[in-house]
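Notes follow once the structure below has been shown.
The values are calculated or read from the model by the stated rules, or taken from the named source; none is laboratory data. Since we're looking at a predicted model, the values are computed, not measured. Cβ atoms come from the backbone with ideal geometry, glycine included; neighbour counts cover every protein chain shown.
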Amino acid sequence: MIVSGVPTRLIIYQNNTQDINLIGLQDSTGAFVNDATGEATLLDGSRNPDSVFNDLSMVYTSGSNGNYVVTIPGTFEAAVGSEYTTVIDGDANGAHFHLEIPTEVRVRTK
């Protein structure tokens with residue numbers, strides 16, 4: 001499967017509800033996939049999962065062309081740092097996709 005619109009680095013903020021958007025999930029023929037299931041998890045530098053940002057469901061954006069969103073709850077408060085990885089795993093029509101995105105946790109100042 002192909003996902004376009006994935007950042008090379010993800011920045012997320014402590015104690016803020018925020019969304020991660022996956023744009024344009026496609027199968028090997030280029031057709032948009034609108035029925036995938038998947039989860040996202042934040043791993044620390046030792047590959048341990050965060051207690052809040054762990055197995056968060058990927059939800060299809062109704063009426064879109066393969067767009068999905070993962071919502072991180074406002075209770076998220078991992079330590080500030082840049083040694084994190086966001087892992088998104090999903091399945092559709094017998095195929096599996098796996099994304100690993102370098103992630104930085106920051107404090108929101110405004």
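Some values worked out for this structure:
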read-out: Where residue 98 falls short, out of the listed (1) surrounded by fewer than 14 Cβ atoms within 10 Å (Cβ to Cβ); (2) in a loop (DSSP other than H, G, I, E, B); value: (2)
read-out: Pair list, Cβ under 8 Å, 6 or more apart: region 43-58 residue under 14 Å from residue 103 (Cα atoms), other residue among the acidic types (Asp, Glu) and buried (at least 18 other Cβ atoms within 10 Å of the Cβ); value: 43/50; 44/50
read-out: Meets criteria (closer than 26 Å to residue 31 by Cβ and loosely packed, with under 12 Cβ neighbours inside 10 Å) for residue 90; value: no
read-out: Unique residue being in contact with a Lys or Arg (Cβ under 7 Å, 6 or more places away or on another chain) and among the hydrophobic types (A, V, I, L, M, F, W, C) when the list is 88, 11; value: 11
read-out: Spans of strands (runs of 3 or more DSSP E) in region 6-91 with at least 2 residues on the phi > 0 side of the Ramachandran plot; value: none
read-out: Lone unmet requirement of (1) over 10 Å from residue 67 (Cα atoms); (2) in contact with a strand residue (DSSP E or B) (Cβ under 6 Å, 6 or more places away or on another chain); (3) modelled with pLDDT of 90 or more for residue 32; value: (1)
read-out: Failed criterion for residue 39 (all others in (1) within 22 Å of residue 8 (Cβ to Cβ); (2) among the charged types (D, E, K, R); (3) more than 12 Å from the chain's Cα centre (by Cα) hold); value: (3)
read-out: Test for residue 26: is it over 27 Å from residue 106 (Cα atoms) and either surrounded by 11 or more Cβ atoms within 10 Å (Cβ to Cβ) or modelled with pLDDT of 95 or more (or both); value: yes
read-out: Any chance residue 38 is surrounded by 11 or more Cβ atoms within 10 Å (Cβ to Cβ), among the small types (Gly, Ala, Ser), within 23 Å of residue 95 (Cα to Cα) and modelled with pLDDT of 95 or more; value: yes
read-out: Pair list, Cβ under 7 Å, 6 or more apart: region 62-82 residue farther than 15 Å from residue 24 by Cβ and at pLDDT 95 or above, other residue among the basic types (Lys, Arg) and not in a loop (DSSP other than H, G, I, E, B); value: 80/106
read-out: In region 41-76, residue farthest from residue 92 (Cα to Cα) [restricted to those that are touching a strand residue (DSSP E or B) at 6+ places or on another chain (Cβ under 7 Å) and among the β-branched types (Val, Ile, Thr)]; value: 72
